[in-house]
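**Student:** Right, I'll just put the structure down here and ask away after.
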Amino acid sequence: MENVVIIGSGCAGLTAAIYAARANFSPLVLEGREPGGQLTTTTLVENFPGFVQGIDGPELIMNMKAQAQRFGARFQYSIVEEFQTENGVIRLKVDGQWLETRTLIVASGASARYPGLPGERELIGHGLTACATCDGSFYRNVPVCVVGGGDSACEEAMFLTRFASKVYLIHRRDTLRASKIMADHALANPKIEPVWDSVLTGYLKDDKGELRAIGLRNVKTGAENELELKCVFSAIGHTPNTKPFEGKLDMDTKGYLIQRQGTQTNIPGVFAAGDVADPVYRQAITSAGQGCAAALDAERYLVALE
Ligand code: NAP
């Protein structure tokens, strides 16, 4: 029987691991499908307090993990398949085996969304991706596009200008949602060309199955056209990773976990932290703060059980 199991190894999960480990609970962290979470797919993080010159996302995550390990947190590359509770015991099916724990911190984050057009699944990795940091360097001296109008879209577009000959920024409205500083930076970059009021209508492939162009529709005029490019970078937000908890943990209409008191979910001993429960702020620092709160809530719960 574990005392604390943490699902997810992004900012929220790792901060929870540091606190739970320092409280001597030797937490088990199930790292999930995307170990390290969203910060591992970003470059310089300039708004995490304490780093005057910023810090690379992957480095910040590696440091947090090492810090948690220093205090005794254990890590396992596993994906949770099922979740159950029975007489106050929380049970997780992990890699085909059932694991039992007194408390669970769900910090499984959120995954990138794609436009949802036919033929999309086969294109992922062949001209469609959601990670400029991971795949940008494959597209040197060719045109690419970023879909979306938020901070992620601007950040991805700016990063891609290092490699691509041109970066179309395709947005469904005529103003960016991104913060002013990010939007100004992106729009001032001569390699970034905004395509306003436009949505994707389809992917056009060459005979090798690679992307050669996209179909676009102007939502104001209805005009349709094609844009030749080699890769679409999707930056249209994220979906919370809550599948194993459907019908068991309370969620909002978009699938985000609902916290009741502090980070407590509707099931005693199960806590939620970070992007999986946060459709509003979704920052590295707010996730870290929630991870801390969830570990403190779990600690209080365990002490009350004794
Ligand atoms: P976001 O702010 O939710 O923006 C998503 C964008 O995608 C919006 O512009 C939205 O259009 C568009 N969109 C959504 N669904 C679409 C669809 N089906 N088709 C076409 N476009 C669609 O997401 P985000 O940019 O990933 O940012 C998430 C959070 O992380 C935000 O709080 C952001 O501030 C933060 N973030 C911060 C940084 C940083 O500070 N360095 C970097 C990245 C992200 P509408 O505008 O029309 O809704």
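**Student:** Name the trypsin sites (Lys or Arg not before Pro) in region 82-149 that are in a loop by DSSP and that have at most 12 other C-beta atoms within 10 Å, would you?
**Tutor:** Taking region 82-149 and a limit of 12 other Cβ atoms within 10 Å, the loop trypsin sites (Lys or Arg not before Pro) found are Arg140.
**Student:** Dipole size in debye (nearest 20) for the chain around its Cα centre, Lys and Arg Cβ +1, Asp and Glu Cβ -1?
**Tutor:** With only Lys, Arg, Asp and Glu charged at Cβ, the dipole is about 220 debye.
**Student:** Could you give me the radius of gyration and the Dmax of the chain, taking only the C-alpha atoms into account and expressing both in angstrom?
**Tutor:** Using the Cα atoms of the chain, the pair Rg, Dmax is 20.9, 67 Å.
**Student:** What number comes out for accessible area per residue over the chain if the probe is 1.4 Å? Units Å², please. Intermediate results must be reported in sequence, preceding the final value.
**Tutor:** On the way: 15200 Å² over 306 residues.
About 50 Å² of surface per residue is accessible.
**Student:** Against the longest alpha carbon principal axis of the chain, how many degrees, from 0 to 90 and to the nearest 10, is the axis of helix 284-305 turned?
**Tutor:** On a 0 to 90 degree scale, this one is about 20.
**Student:** So if I place +1 on the C-beta of Lys and Arg and -1 on the C-beta of Asp and Glu, and nothing else carries charge, what would the dipole magnitude of region 114-234 be about its Cα centre? I want it in debye, nearest 20.
**Tutor:** The calculation lands at about 140 debye.
**Student:** Quick check: the angle from helix 57-70's long axis to the longest principal axis of the chain, C-alpha only, nearest 10 degrees?
**Tutor:** Between the helix axis and the principal axis of the chain, the angle is about 10 degrees.
**Student:** What value, in deg cm²/dmol to 500, does the helix sum -39500 (n - 2.57) over DSSP H runs of n ≥ 4 give at 222 nm once divided by the residues of the chain?
**Tutor:** -7500 deg cm²/dmol
**Student:** If you fit an axis through the alpha-carbon atoms of helix 151-160 and take the longest principal axis of the Cα set of the chain, what angle between them do you get, 0 to 90°, nearest 10?
**Tutor:** On a 0 to 90 degree scale, this one is about 60.
**Student:** Whose amide H sits under 5 Å from the amide H of Tyr168, counting only residues 5 or more places off or on another chain, with H placed in the peptide plane?
**Tutor:** Residues meeting the criterion, in which the H sits 1.01 Å from N, are Val144, Cys145, Val146, Glu193.
**Student:** May I ask you to give the percent of accessible area on region 114-234 that is carbon plus sulfur, with a probe radius of 1.4 Å?
**Tutor:** 49 percent
**Student:** Now for a different question. Tell me, for the chain, which Cys residues have no other cysteine's C-beta sitting closer than 4.7 Å.
**Tutor:** When partners are defined as cysteine Cβ atoms under 4.7 Å apart, the chain leaves Cys11, Cys145, Cys154, Cys231, Cys292 without one.
**Student:** When only Cα pairs under 8 Å and 6 or more residues apart are kept, what is the percent relative contact order across region 183-306? Provide the component values of the computation, followed by the final result.
**Tutor:** Details: 148 pairs, mean separation 15.7, N = 124.
This gives 13 percent for region 183-306.
**Student:** Could you pull out every residue, at least 5 positions away or on a different chain, whose amide H is within less than 5 Å of the one on Ser78? Hs are placed 1.01 Å off N in the peptide plane, and Pro or chain starts have none.
**Tutor:** Glu31, Gly32
**Student:** First obtain the Kirkwood hydrodynamic radius of region 114-234 from its Cα pairs, then insert it into the Stokes-Einstein equation at 20 °C and 1.002 mPa s, and state the resulting D in µm² per second as a whole number.
**Tutor:** 152 µm²/s
**Student:** Ranking request for peptides 127-136, 252-261, 2-11: highest mean number of other beta-carbon atoms within 10 Å first, then the rest in descending order.
**Tutor:** Details: 127-136: 21.0, 252-261: 14.0, 2-11: 28.0.
Those peptides, ordered most packed to least, come out 2-11, 127-136, 252-261.
**Student:** So, one more: Find, among the GluC sites (Glu not before Pro) in region 171-267, those assigned to loop by DSSP (not H, G, I, E, B) with at most 16 other beta-carbon atoms within 10 angstrom. List each step's numbers first, then the result.
**Tutor:** On the way: sites: Glu210, Glu224, Glu226, Glu228, Glu246; in loops: Glu210, Glu246.
In loop regions of region 171-267 (DSSP not H, G, I, E or B), the sparsely surrounded GluC sites (Glu not before Pro) are Glu210, Glu246.
**Student:** While we're here: Among DSSP beta bridges lying fully in region 114-234, give the percent that are antiparallel, nearest 5. Show your work: numbers first, answer last.
**Tutor:** Values: 12 of 28 bridges.
Looking only at bridges with both residues in region 114-234, the antiparallel portion is about 45 percent.
The values are calculated or read from the model by the stated rules, or taken from the named source; none is laboratory data. Since we're looking at a predicted model, the values are computed, not measured. For neighbour counting, all protein chains shown are included, and Cβ atoms are generated from backbone atoms with ideal geometry for every residue, glycine included. These area figures cover heavy atoms from the full protein model, side chains too; ligands, DNA and RNA do not enter into them. Shrake-Rupley method; radii C 1.70, N 1.55, O 1.52, S 1.80 Å.
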